[in-house]
Amino acid sequence: MSNEQNPDDGRQPGHGFEPGSGGPAGALPPEAPEAPEPGPAPSPPAGSEEASGRQRLRAGLWPPRVSRAQLIVALLLFVLGLGLAIQVRSNSDNSALRGARQEDLVRILDELDNRTQRLEDEKQRLDDQRTELENSSDQAEEARKQTLEKERQLGILAGTVAAHGPGITLTISDPAGAVEADMLLDTIQELRAAGAEAIEINGVRVVANTYFSGDGGELRVDGRKVESPYEFKVIGKPQDLEPALNIPGGVVQTLEKEQATAEVTRADDIVVDALRPPKQPDYARSSPQ
């Protein structure tokens, strides 16, 4: 075999190619271009960032995400707070009726119902009078009748006219002379509050300007001396007058604490005939209106 190099071989001596290489033997491969270093990411506009934060806050707050357990706990806390508030308010009630007996409370309730009924009756009477005036064919005659009736009623209140009707007699015995003037005044006020229409004490007519003076055993009504026993003649509804005197802490109990006795007697017809002279007012004059 010949050792000569084939001219068609395409290879020169000493400049052969490495198998599998892309270039001449001993040559380095070309360097790859370096990748550019990553720069800072562009920041979003300030306005869009703020808007995005508000949207996230709004999304977190609304709609509220309340679980069933949280609702039950909130309801229980509300009921507990309401119960505590009611209990504190009831414990702070210092009403004098808290220690009253059941029968006393029933009696007081009956008295309040009676007062309400009296007011309703008075309202109905005034409505009837107005209707009569509006519908009467002879309004002048009807007005005259009502004027006379009103004059009679005012005369009873002023003490210038005698009166009679159902009511009670209250007799107060004071052997120790412990009853004071203010106790008699409280009795009058309690009777008036219960609907008394005419009152007489030991022959003295009680009117709007009646006053009490003196000490125990030496009492005076409108300047006139009265002595024990003090007898009250009262015209009104007996079913209202008697319970008003016997309420807890009322007139009867107060007198009993002072070693005095009070006796109440109902009657179908009480006569109050002590009169007061009519007095002309010094300054007041009737008005046409």
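Miscellaneous remarks
- The residues Phe232, Phe78, Phe212, sorted by heavy-atom accessible surface at 1.4 Å with ligands and nucleic acids left out, run Phe78, Phe212, Phe232 from largest to smallest.
- Solvent-accessible area of Glu151 with every protein chain in place, 1.4 Å probe, in Å² to the nearest 10: 120 Å²
- Fraction of alpha-carbon pairs over 18 Å apart in region 166-249 - percent: 37 percent
- Solvent exposure ordering (accessible area, 1.4 Å, most first) of Val206, Val161, Val106: Val106, Val161, Val206
- Alpha carbon Rg of region 114-214, scaled by the compact-globule rule 2.2 N^0.38 Å: 1.43
- Projection of the Cα convex hull of region 246-289, averaged over all directions and equal to a quarter of that hull's surface, yields 7.7 nm².
- Contact order for region 177-251, expressed relative to its length and based on alpha carbon pairs under 8 Å spaced 6+ residues apart, stands at 39 percent.
- With θ taken as phi - 60° and the Karplus curve 6.51 cos²θ - 1.76 cosθ + 1.60 applied, the whole-hertz 3J(HN,Hα) list for region 122-129 is 5, 5, 5, 5, 5, 5, 5, 4 Hz, x standing for glycine and proline.
- Loop-located trypsin sites (Lys or Arg not before Pro) in region 232-289, at most 14 other Cβ atoms within 10 Å (DSSP): Lys279, Arg285
- Of the residues Leu241, Gln139, Thr265, the one whose Cα sits farthest towards the positive end of the charge dipole of region 136-289 is Gln139 (charges of +1 on Lys and Arg Cβ, -1 on Asp and Glu Cβ, taken about the Cα centre).
The values are calculated or read from the model by the stated rules, or taken from the named source; none is laboratory data. Worth saying up front: this structure is predicted, and the values here are computed from it rather than measured. No Cβ is skipped: glycine too gets one built from the backbone with ideal geometry, and neighbour counts run over all protein chains shown. Only protein heavy atoms, including side chains, enter the accessible area calculation; ligands, DNA and RNA are left aside. Shrake-Rupley method; radii C 1.70, N 1.55, O 1.52, S 1.80 Å.
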